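To start, the structure itself, in structure tokens.
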């Protein structure tokens, strides 16, 4: 039973990275909205870079989730 408890604690700790991902995604879109308000003509050109940043930050969340599942079920 101790091994199962350790796996669950490890999986829970591995998901702490998701908090950073939430902050990162919030920062990306907050900066995009702020920049779009300051210069509306440039907003469509920035949107591709915003999506790239979102995808890269979201990849960190997927890595954390995969590690949590590996710890839990591996």
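A quick yes/no check of all residues on (1) in a helix (DSSP H, G or I); (2) touching a helix residue (DSSP H, G or I) at 6+ places or on another chain (Cβ under 6 Å); (3) on the phi < 0 side of the Ramachandran plot; (4) surrounded by 10 or more Cβ atoms within 10 Å (Cβ to Cβ):
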| site | (1), (2), (3), (4) |
| --- | --- |
| 18 | yes, yes, yes, yes |
| 26 | yes, no, yes, yes |
| 33 | yes, no, yes, yes |
| 44 | yes, no, yes, no |
| 52 | yes, no, yes, yes |
| 58 | yes, no, yes, yes |
| 63 | yes, no, yes, yes |
| 66 | yes, no, yes, yes |
| 72 | yes, yes, yes, yes |
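Results for (1) under 14 Å from the mean Cα position of the chain (by Cα); (2) at pLDDT 95 or above; (3) under 30 Å from residue 9 (Cα atoms), shown as yes or no for each residue.
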{"position": "24", "(1), (2), (3)": "yes, no, yes"}
{"position": "32", "(1), (2), (3)": "no, yes, no"}
{"position": "36", "(1), (2), (3)": "no, no, no"}
{"position": "53", "(1), (2), (3)": "yes, no, no"}
{"position": "64", "(1), (2), (3)": "yes, no, yes"}
{"position": "68", "(1), (2), (3)": "no, no, yes"}
{"position": "71", "(1), (2), (3)": "no, no, yes"}
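The values are calculated or read from the model by the stated rules, or taken from the named source; none is laboratory data. Only a predicted model underlies this, so the values are computations on that prediction, with no experimental measurement involved. Note: ideal-geometry Cβ built from the backbone for every residue, glycine included; neighbour counts use all protein chains shown.
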